[in-house]
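Undergrad: What follows is a single structure, and I will ask about it in a moment.
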Amino acid sequence: MAKESVVIDQDACISCGACVAVCPGQALELDENGKARLIWDKCTSDFECVKVCPVNCIWQSSQAPESAKSKAGWYRLSGPLSGDLKKEFEEWKSQYGIKWSPI
Ligand code: SF4
Ligand code: SF4
């Protein structure tokens with residue numbers, strides 16, 4: 001089973017940075033528009049970010065609304081994925097119905 005990771009709705013994000021500050025794996029950043037963005041392969045699925053978001057726009061992937069999963073730009077990869085990690089990435093998208101992909 002793929003790691004669960006999170007889904008972010010950047011349209012609801014108010015750029016507070018709380019999720020970035022609390023993430024233990026540097027798996028979140030503010031993008032060029034100041035919106036939270038996930039770096040998928042760095043996420044360890046501990047869901048600390050979910051707890052601190054003041055507008056509740058980060059969810060565990062299994063609990064994210066379809067509307068958020070269909071949006072573009074809310075995550076990226078730190079670099080090319082290979083082997084097991086690439087397989088895990090494809091499984092995550094498939095298992096949680098992630099409609100958009102940066103690659
Ligand atoms: S689930 Fe944890 S590791 Fe993943 S983005 Fe949120 S705080 Fe970071
Ligand atoms: S905690 Fe929520 S509102 Fe704040 S930057 Fe992260 S996603 Fe955006």
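Just so it is clear, none of the values below were taken in a lab; they were calculated from the coordinates. Quantities reported herein were computed from a predicted structural model and do not represent experimental measurements. With ideal geometry, Cβ positions are generated from the backbone for all residues, glycine too; neighbour counts draw on all protein chains shown.
Undergrad: Do you know which of the residues in segment 6-15 that are touching a Cys at 6+ places or on another chain (Cβ under 9 Å) and part of a loop (DSSP other than H, G, I, E, B) is nearest to Gln63 (Cα to Cα)?
TA: Asp9
Undergrad: When the residues of segment 1-15 are narrowed to those that are near ligand 2 (Cβ under 8 Å from one of its atoms) and exposed (fewer than 15 other Cβ atoms within 10 Å of the Cβ), which ends up nearest to Lys99 (Cα to Cα)?
TA: Result: Ala12.
Undergrad: Quick one: in segment 16-48, of everything that is touching a Leu at 6+ places or on another chain (Cβ under 6 Å) and part of a helix (DSSP H, G or I), which residue is farthest from ligand 2 (Cβ to nearest atom)?
TA: Per the criteria, the residue is Asp41.
Undergrad: I need a count of the residues in segment 70-84 that are more than 22 Å from Gln26 (Cβ to Cβ) and either of a type in the set (Asp, Glu) or within 15 Å of ligand 2 (Cβ to nearest atom) (or both).
TA: Of the residues in segment 70-84, 1 are more than 22 Å from Gln26 (Cβ to Cβ) and either of a type in the set (Asp, Glu) or within 15 Å of ligand 2 (Cβ to nearest atom) (or both).
Undergrad: Okay, next question. Restricting attention to segment 33-63, report how many residues are out of contact with any Asp or Glu (no Cβ under 8 Å at 6 or more places or on another chain) and more than 11 Å from ligand 1 (Cβ to nearest atom).
TA: Matching residues across segment 33-63 total 7.
Undergrad: Working only within segment 29-52, note down all residues that are under 13 Å from the mean Cα position of the chain (by Cα) and over 17 Å from Lys71 (Cα atoms).
TA: The answer is Glu29, Asp41, Lys42, Cys43, Thr44, Ser45, Asp46, Phe47, Glu48, Cys49, Val50.
Undergrad: Still on this structure, I have one more. Looking only at segment 67-102, filter to residues that are touching a strand residue (DSSP E or B) at 6+ places or on another chain (Cβ under 9 Å) and surrounded by fewer than 12 Cβ atoms within 10 Å (Cβ to Cβ); which one of those is nearest to Cys19 (Cα to Cα)?
TA: Ser78
Undergrad: Here's a follow-up. Going by the structure shown, is Ala64 surrounded by 12 or more Cβ atoms within 10 Å (Cβ to Cβ) and either among the aromatic types (Phe, Trp, Tyr) or under 11 Å from the mean Cα position of the chain (by Cα) (or both)?
TA: yes
Undergrad: Now for a different question. Conditions first: (1) under 15 Å from Asp11 (Cβ atoms); (2) of a type in the set (Phe, Trp, Tyr); (3) in contact (Cβ under 8 Å) with a residue 60 or more places away in the chain. Trp59 passes all but one, so which condition is the exception?
TA: For Trp59, the failing item is (3).
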